[in-house]
Amino acid sequence: MAPPPTDAAGTPPPVEPPPVPSPAVAPSPYVPPPAAPAAAVPGPPPVPSSYVPSAIRGEVGDPFRSRADLSKLSAAVEALRAEVGKLIVGQHALVDELIAALLAGGHVLIEGVPGVAKTLTAKLLARATGLDYRRIQFTPDLMPSDVIGTSIYRPDGGVFEFHRGPIFAQIVLIDEINRAPAKTQAALFEAMEERQVTVDGTTYTLEPPFQVLATQNPVEHEGTYRLPEAQLDRFLFKVRVGYPGLEDEVEILRRSQQQGGVLDTSLVHAVLTPADVREAQAAVRTIRVEEPVLRYAARIVAATRDHPALYLGASPRASLALLTGAKAVAAMSGRDFATPEDVRAIVAPALRHRVVLTPEKEVEGVRPGTVLRRIVEEVEVPR
């Protein structure tokens, strides 16, 4: 065996240790979890179940979609607007408020200066609905029996026979209602509120649908009588009719020239039947009104009773008018639920004739509509 090598000084070089083999690495049993899905964008808070129609509660869908099919009602409203629009230019608010009152089953007091188509619009709407129509011209010498009817003695049979008056119709147009004395106006109380007439102890039911459309002139007061508050309260709406705009008046002149100055009411045809109107009224009664909207309407009416500018506030019948009117507006909009905006839309026509200003405010020239607008602005809208 050869001796180990040495360096020049005779010292052997250091011996390096042999490399140590690395131990084998056992496979790890850990399996990384799958990647977490992307965070979902938070959506709107859940709608309380009381606001969700029962037909879709627990299902996926829009909680505010209509439950009822109001397509037939919407088509009827459009048909009425189109028929009346054949002869009436503009006055869209008047036509819509008359239709809303008809759907709600209420009466309307139409107020405006002469010549703004108050009577004509009411007449054409009655013609388009296909309902039985009568017109009564109120005069100072008109008697209650001229309105509701009278009993006539038949000597051949020895009995009294009741002859029905013009109130026995489905749409009754009373022209210039404030020209008849209180005695004659009081003959309308039972008919307007209870849809019946009592003569000589016998009660006669009026055929539904029944609606009274009355007109009055706010400017001319000679030979007129102030309507009793009890009668005013029986009108669902009081509608004010103003002058047409410039373009509407130009269109009125253009149509008159084209038709030779003759107003042909035969152009308006019946697009509905009495059964259609009753069906539409039944659909309006099913419109849903939630508790916050009910309270909102009640707070508006309650505010009229404590307002310093009002001597007389609105009665509970006014709250019912807001409710039924809001339902009609919602149905005309194609919704089966009412919103606070529907209530706000009919505050003026439903309340302006049910409140009385204080003498000081009347002297200042304040109008009830101005006070009502302030009340609506002050009452908090439910969200």
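Among the residues of region 347-368, those that are buried (at least 16 other Cβ atoms within 10 Å of the Cβ) and in a helix (DSSP H, G or I) comprise V347, A348, P349, A350, L351, K361, P368.
Only residues that are within 16 Å of A303 (Cα to Cα) and in contact (Cβ under 8 Å) with a residue 40 or more places away in the chain were counted in region 347-367, giving 10.
The set of residues from region 214-238 being assigned to a loop (DSSP other than H, G, I, E, B) and among the aromatic types (F, W, Y) comprises Y225, F235. Here is the figure for region 248-276: residues that are among the acidic types (D, E) and under 27 Å from G130 (Cβ atoms) total 2. Cβ separations smaller than 6 Å between residues 6+ apart or across chains give the following pairs from region 298-327 residues that are more than 14 Å from E378 (Cβ to Cβ) to residues that are in a helix (DSSP H, G or I) and β-branched (V, I, T): G313/T304; A314/V301; A314/T304; A318/V301; S319/V301; L322/V343; A326/V343; K327/V284. Answer yes or no: is there a residue in region 296-303 that is modelled with pLDDT of 90 or more, basic (K, R) and more than 30 Å from K361 (Cα to Cα). Within region 296-303, not a single residue is modelled with pLDDT of 90 or more, basic (K, R) and more than 30 Å from K361 (Cα to Cα).
Of the helices (runs of 4 or more DSSP H) lying entirely inside region 239-323, those containing at least 1 residues that are surrounded by 18 or more Cβ atoms within 10 Å (Cβ to Cβ) are 274-285, 291-306.
Criterion applied to Q137, Q185, Q170 was being at pLDDT 90 or above and touching a Leu at 6+ places or on another chain (Cβ under 8 Å), and the one residue passing it is Q170. Contact map, region 258-279: residues that are closer than 14 Å to E83 by Cβ and in the same structural domain as L103 (by TED's automatic domain parsing) paired with residues that are exposed (fewer than 11 other Cβ atoms within 10 Å of the Cβ) and of a type in the set (F, W, Y), Cβ distance under 7 Å, separation 6+ or inter-chain. No pairs are found. Residues L109, L120: which one is within 30 Å of D264 (Cβ to Cβ), touching a His at 6+ places or on another chain (Cβ under 8 Å) and not charged (D, E, K, R)? That would be L109, the only listed residue that is within 30 Å of D264 (Cβ to Cβ), touching a His at 6+ places or on another chain (Cβ under 8 Å) and not charged (D, E, K, R). Would you check if L87 is farther than 18 Å from V172 by Cβ, part of a loop (DSSP other than H, G, I, E, B) and either among the aliphatic types (A, V, I, L, M) or without any contact (Cβ under 8 Å) to a residue 40 or more places away in the chain (or both)? Here the answer is yes, as L87 does meet what is asked. Among the criteria (1) touching a Lys or Arg at 6+ places or on another chain (Cβ under 9 Å); (2) on the phi > 0 side of the Ramachandran plot; (3) surrounded by fewer than 18 Cβ atoms within 10 Å (Cβ to Cβ), the one D200 does not fulfil is (1).
The values are calculated or read from the model by the stated rules, or taken from the named source; none is laboratory data. Values in this document were obtained by computation on a predicted structure and should not be read as measured data. Counting neighbours? That spans all protein chains shown, and the Cβs are built from the backbone with ideal geometry, glycine included.
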